[in-house]
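K.L.:
One structure follows; several queries about it will come next.
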Amino acid sequence: MSSNPIPATEQAQLDQLKILVANCIDETRHQGATGAEVGVSVESGLSVTARLGEVETIEHHRSRGLGLTVYIGQRKGSASTSDLSPAAMRETVAAACRIARHAAEDPCAGLPDANWLATEFPNLDLYYPWAIEPEAAIDLAVACENAARHYHSDISNSEGASLNTFEGLRVMGNSLGFLHGYASSRHSLSVSVIGERDQQMQRDDWWTVARDANDLQSPEEVGRIAAERTLRRLGARSLSTRQCPVIFAADVAASLLGHFIGAIRGGNLYRKSSFLLDQLGKQVFPDFVQIHEQPHLKKALGSVPYDAEGVRTVPHHLVRDGILESYVLSAYSARKLGMTSTGNAGGVHNLIIDPGTLDHAGLLQKMGTGLLVTELMGQGVNLVTGDYSRGAAGFWVEDGMIQYPVEEFTIAGNLRDMLRNLVAVGNDVDMRGNTRTGSIMLEQLTIAGN
């Protein structure tokens, strides 16, 4: 296993891709573009799936592509190709230029301002290639599934275990002189099993993901957790309609923050399709809530030196003491709003809500009686009005203790109220994604059951 600085072979390939990007930018000028942005990527990986101890699929992935956007004045055209030959590159530039010449002028179109672009490139430790052979990958997937299947006699079936590896090189550049590339990797292991008891069946899963395969949970641990999560759902009951406090378990709480980010995303703001319009500088959470972006954490899954437009990424607060301090803006949405890019073209990078002092058990004690949500279904979220309604499953809690699993109900509320009435954030932080949050407790939601 190796980390940054990347090995000589990959560095040589990165250098070749930089030459390709520079040549492509030169070609856009030759064909009449007044500005251009080019990205090229080369990726490879292995995916293995095993079910009931047998191999289901083995897939080697290898892909490459070039995408470019050209500007002719303030007319924009984009095109892409998977053929990196000089002839294909020239044809792709020509296609983008044709589109731009027929496009309408947009006063906000164009490359990012030059002073927004990244000029320093910290070593973020993102590249840990995993040269695992298919046979070894199969062994890990089977071991993971076996750990789940053999954990308890009530585990009756399996949806399979999967191991995935990914490594890639990406270079981007633009006609303002920006040109940079880096390597990254990502590996994961997951399993899903089915439990059966008293003629009732339930399923659940678990997964682990990391830049470095050495940081993955063991196959045995992933399998054990998946089995335990499945078994605890057996015997699920329905609920009657009521209002009560609700805790979103850490691994589903990230979706709540995702809706918040959607509401402060530039595109939704300039289209006036957000329930958080004109809330900058105003209280949107309780005053104990701190939400920030940390794009330069070493080895983290969301870390990047710059956004999808080459704009530098910097650690910054989105919410401080419950007050909304920043939107999430690309160059285009920033211009539409008369603001500055926040380095968020392509999304947020390592979104973190600061945890409180209570662990998961402590949050249950604080809630006393209410609902613990461990799974969400459906997409009943309206970012314009904030109306929220999703199918859910989880556990009914009384006196701070889980009493029994519950299913087949809907939780409903309004996101504006949900954010303002956030009661606590647990310290049981889920580190497996781009959003790091503990369990989140809300004061009250409506449960629509029987």
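K.L.:
Residues of the range 95-130 being buried (at least 17 other Cβ atoms within 10 Å of the Cβ) and touching a helix residue (DSSP H, G or I) at 6+ places or on another chain (Cβ under 9 Å), which ones?
P.N.:
A96, C97, A109, G110, L111, P112, W116, Y127, Y128, P129, W130
K.L.:
So, one more: Would you check which residues across the range 331-343 are outside any helix (DSSP H, G or I) and either under 18 Å from L277 (Cβ atoms) or of a type in the set (A, V, I, L, M, F, W, C) (or both) and list them?
P.N.:
Of everything in the range 331-343, those that are outside any helix (DSSP H, G or I) and either under 18 Å from L277 (Cβ atoms) or of a type in the set (A, V, I, L, M, F, W, C) (or both) turn out to be G338, M339, T342.
K.L.:
Restricting attention to the range 281-297, does a residue exist that is of a type outside the set (D, E) and more than 26 Å from S341 (Cβ to Cβ)?
P.N.:
Step one: filter the range 281-297 for residues of a type outside the set (D, E), giving 281-286, 288-292, 294-297.
Now narrow it down to the ones that are more than 26 Å from S341 (Cβ to Cβ): 286, 288.
Within the range 281-297 (the criterion being of a type outside the set (D, E) and more than 26 Å from S341 (Cβ to Cβ)), the answer is yes, since at least one residue qualifies.
K.L.:
Another question, if that's okay. Sort through L126, L169 and tell me the only one that's under 25 Å from the mean Cα position of the chain (by Cα) and in a strand (DSSP E or B).
P.N.:
Working: L126 fails: in a strand (DSSP E or B).
Unique residue meeting the criteria: L169.
K.L.:
Mind checking which residues of the range 237-289 are aromatic (F, W, Y) and surrounded by fewer than 16 Cβ atoms within 10 Å (Cβ to Cβ)?
P.N.:
Residues of the range 237-289 aromatic (F, W, Y): 248, 260, 270, 275, 285, 288.
F288, the sole residue that qualifies.
K.L.:
Within the bounds of the range 270-286, is there any residue that is in a helix (DSSP H, G or I), touching a residue at least 60 places away in the same chain (Cβ under 8 Å) and either closer than 26 Å to G110 by Cα or among the polar types (S, T, N, Q) (or both)?
P.N.:
So the first thing to find is which residues in the range 270-286 are in a helix (DSSP H, G or I), and the list is 270.
From what's left, touching a residue at least 60 places away in the same chain (Cβ under 8 Å): 270.
After this cut, where a residue has to be either closer than 26 Å to G110 by Cα or among the polar types (S, T, N, Q) (or both) as well, the list is 270.
Yes, because at least one residue in the range 270-286 is in a helix (DSSP H, G or I), touching a residue at least 60 places away in the same chain (Cβ under 8 Å) and either closer than 26 Å to G110 by Cα or among the polar types (S, T, N, Q) (or both).
K.L.:
Of these, E10, E56, E105, which one is in contact (Cβ under 8 Å) with a residue 24 or more places away in the chain, in contact with a strand residue (DSSP E or B) (Cβ under 6 Å, 6 or more places away or on another chain), assigned to a loop (DSSP other than H, G, I, E, B) and on the phi < 0 side of the Ramachandran plot?
P.N.:
Values: E10 fails: assigned to a loop (DSSP other than H, G, I, E, B); E56 fails: assigned to a loop (DSSP other than H, G, I, E, B).
Only one candidate qualifies: E105.
K.L.:
Tell me which strands (runs of 3 or more DSSP E) are completely within the range 374-450 and hold 2 or more residues being charged (D, E, K, R) and either over 28 Å from W207 (Cα atoms) or not assigned by TED's automatic domain parsing to the domain that holds W206 (or both), or say none if there are none.
P.N.:
Working: elements: 387-398, 401-414, 422-425, 440-448.
Of the strands (runs of 3 or more DSSP E) lying wholly inside the range 374-450, those with at least 2 residues that are charged (D, E, K, R) and either over 28 Å from W207 (Cα atoms) or not assigned by TED's automatic domain parsing to the domain that holds W206 (or both) span 387-398, 401-414.
K.L.:
So, of the residues in the range 68-82 that are in a strand (DSSP E or B) and touching a residue at least 24 places away in the same chain (Cβ under 8 Å), which turns out to be nearest to T92 (Cα to Cα)? Show your work before the answer.
P.N.:
Restricting attention to the range 68-82, the residues satisfying the condition of being in a strand (DSSP E or B) are 68-72, 75-81.
Right, trim to touching a residue at least 24 places away in the same chain (Cβ under 8 Å) and you get 68-72, 75-77.
Numbers: L68: 8, T69: 10, V70: 11, Y71: 14, I72: 15, R75: 17, K76: 14, G77: 11 Å.
Among those residues, the one meeting the criterion is L68.
K.L.:
Can you run down the residue pairs with Cβ atoms below 8 Å, 6 or more apart or on separate chains, where the first is in the range 348-369 and over 30 Å from Y404 (Cα atoms) and the partner is among the charged types (D, E, K, R) and in a loop (DSSP other than H, G, I, E, B)?
P.N.:
Correct list of pairs: H349/D307.
K.L.:
From the list T34, T28, T49, exactly one residue is within 20 Å of V171 (Cβ to Cβ) and crowded, with 16+ Cβ neighbours inside 10 Å. Which is it?
P.N.:
The unique qualifying residue is T28.
K.L.:
Filter the range 206-220 down to the residues that are surrounded by fewer than 17 Cβ atoms within 10 Å (Cβ to Cβ) and either free of Cβ contacts under 8 Å to residues at least 60 places away in the same chain or in the same structural domain as E375 (by TED's automatic domain parsing) (or both) and list them by number. Before you say what the answer is, go through the steps one by one.
P.N.:
Within the range 206-220, the subset surrounded by fewer than 17 Cβ atoms within 10 Å (Cβ to Cβ) is 214-215, 218, 220.
Passing the criteria: only S218.
The values are calculated or read from the model by the stated rules, or taken from the named source; none is laboratory data. As the structure is a computational prediction, the values presented were derived from the model and not from experiment. When we count neighbours, we look across all protein chains shown, and the Cβ atoms used for this are built from the backbone with ideal geometry, even at glycine.
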